[in-house]
1. Only residues of segment 213-230 count here: report those whose backbone N is under 19 Å from the spot 7 Å along Cα→Cβ of ILE197, or say none.
2. Stretched out fully, how many nm does the piece from ARG102 to ALA206 gain, at 0.36 nm a residue minus the Cα gap?
3. Return the sequence-ordered ³J(HN,Hα) values of segment 231-240 in whole Hz as given by the Karplus equation 6.51 cos²θ - 1.76 cosθ + 1.60 applied to θ = phi - 60°, using x for Gly and Pro.
4. Quote the FRET efficiency, to the nearest 0.05, computed for SER265 versus GLU230 with a Förster distance R0 of 25 Å and r equal to the Cβ-Cβ distance.
5. Taking every pair of Cα atoms in segment 131-270, average 1/r, invert it to obtain the Kirkwood radius, and report Rg/Rh to two decimals.
6. Working out 0.36 nm times the residue gap between PHE240 and VAL183, then minus their Cα-Cα distance, what length gain in nm do you get to one decimal?
7. Could you sort out which of LYS199/LYS223; LYS139/LYS199; LYS139/LYS223 sit more than 20 Å apart by Cα distance in this structure?
8. Sorted by mean Cβ packing within 10 Å, highest first, what order do the peptides 83-92, 55-64, 192-201 take?
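None of the figures in this text is laboratory data; all of them are computed from the coordinates on show. Predicted model, so just to flag it, every value in this text is computed and none were measured. Quick reminder, even Gly has a Cβ in these numbers, built from the backbone with ideal geometry, and neighbours come from all protein chains shown.
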Amino acid sequence: MAEVEEVLKKDVSRRSFLKTTGIGLGVAAGALMFGTGVAGAQTQGGIVAEAPLPYVDLDPEEARLRAHAAYFRSGCAYATFYAIVSMLRDNVGGPYNHIPLRMLGYGRGGAASWGTLCGTLNGAGAAINLVAPDADVNKILGELIGWYTITPFPSQESDDVAAAKGYKYDAKDYIAVALPTSVSNSPLCHASVTNWINKSGFAASAPERAERCARLCGDVAAKAVAMLNEWKTGTFVATFKVSEETAGCLSCHGSDQIGKMACTSCHEPH
Ligand code: HEC
Ligand code: HEC
């Protein structure tokens with residue numbers, strides 16, 4: 001599929017270079033060199049402002065492709081962060097050229113392979129935090145996390161993307177088959193991956209497990225971008241609610257613990 005290959009082969013650093021040299025949009029160069037910005041000035045004397053950076057409508061399907069491919073470079077957290085921020089580099093430029101795309105690499109495997117917060121959520125959360133004010137970050141990321149815990153992954157869309165490929169990227173072969181899906185019931189890498197291993201029968205070390213996580217990166221990046229697009233146009237509505245069971249636990253345990261994770265994934269009900 002030619003267009004799919006095209007998207008992945010776009011060399012982000014080259015495109016950013018074109019833009020910062022003014023050959024691209026012609027505005028980002030000014031932002032970088034003179035401290036004036038795209039859509040409201042975000043760099044002053046080379047220092048990136050602490051305020052949220054400009055966001056423009058992005059293509060969720062391109063985010064899916066970029067995240068999927070990026071997983072094989074530096075893991076899940078890098079992948080979702082990279083997908084969103086590299087697209088913002090291409091479409092906004094300016095301050096995004098100052099943010100290292102490798103920054104979220106540490107989040108792989110639930111942070112240095114500790115299996116804590118799923119890296120896809122960590123990376124997407126960091127990108128969301130770059131563009132949205134604090135109050136909105138909790139709403140958007142909270143919704144993304146809730147959605148993640150109840151959605152079967154990897155999705156049909158991500159399977160289709162992989163199936164349509166049949167090309168190599170960074171010398172890795174994609175596995176062009178539909179993969180078994182699982183629901184994590186948790187935002188933790190540990191639970192998410194282990195549930196999938198149990199469901200699918202593939203070991204953690206299997207290439208299929210890596211491909212599953214790559215597709216999950218695509219799914220989460222696409223969802224995060226779709227949510228940010230809605231947020232930008234003012235149509236975003238958070239709909240996730242914890243399960244009735246968890247709500248029941250929280251009715252008594254609202255103040256002696258912190259969190260919204262499904263309680264009985266770790267505790268026995270009593
Ligand atoms: C009707 C109120 C109520 C509900 C509903 C409730 N709990 Fe509790 N829970 C308590 C009380 C009271 C204690 C004992 C006092 C304490 O240790 O804080 C307790 C203790 C616990 C403890 C500590 C147990 C221990 O061995 O020390 C855990 C963990 C816990 N609850 C989890 C849950 C979970 C999970 C749910 C939902 C499935 C739940 N609770 C629902 C009232 C409740
Ligand atoms: C990822 C696993 C996990 C999840 C999910 C989880 N907990 Fe816990 N919880 C723990 C651990 C670990 C502790 C520390 C004490 C322990 O080891 O039991 C703890 C402690 C507690 C305690 C204090 C227990 C005590 O001995 O005093 C309560 C109450 C509690 N959790 C309630 C909840 C409720 C309510 C939820 C759902 C909203 C929840 N937990 C979700 C792992 C979890």
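1. Of the residues in segment 213-230, 213-217 have backbone N under 19 Å from the label point off ILE197.
2. 34.9 nm
3. Coupling constants for segment 231-240: 4, 4, 8, x, 9, 6, 10, 7, 10, 5 Hz.
4. 0.30
5. Here Rg/Rh amounts to 1.02.
6. Working: separation 57, 0.36 × 57 = 20.52 nm, distance 1.52 nm.
Value of the extension gain: 19.0 nm.
7. On the way: LYS199/LYS223 24 Å; LYS139/LYS199 31 Å; LYS139/LYS223 14 Å.
Table pairs above 20 Å Cα-Cα are LYS199/LYS223; LYS139/LYS199.
8. 83-92, 55-64, 192-201
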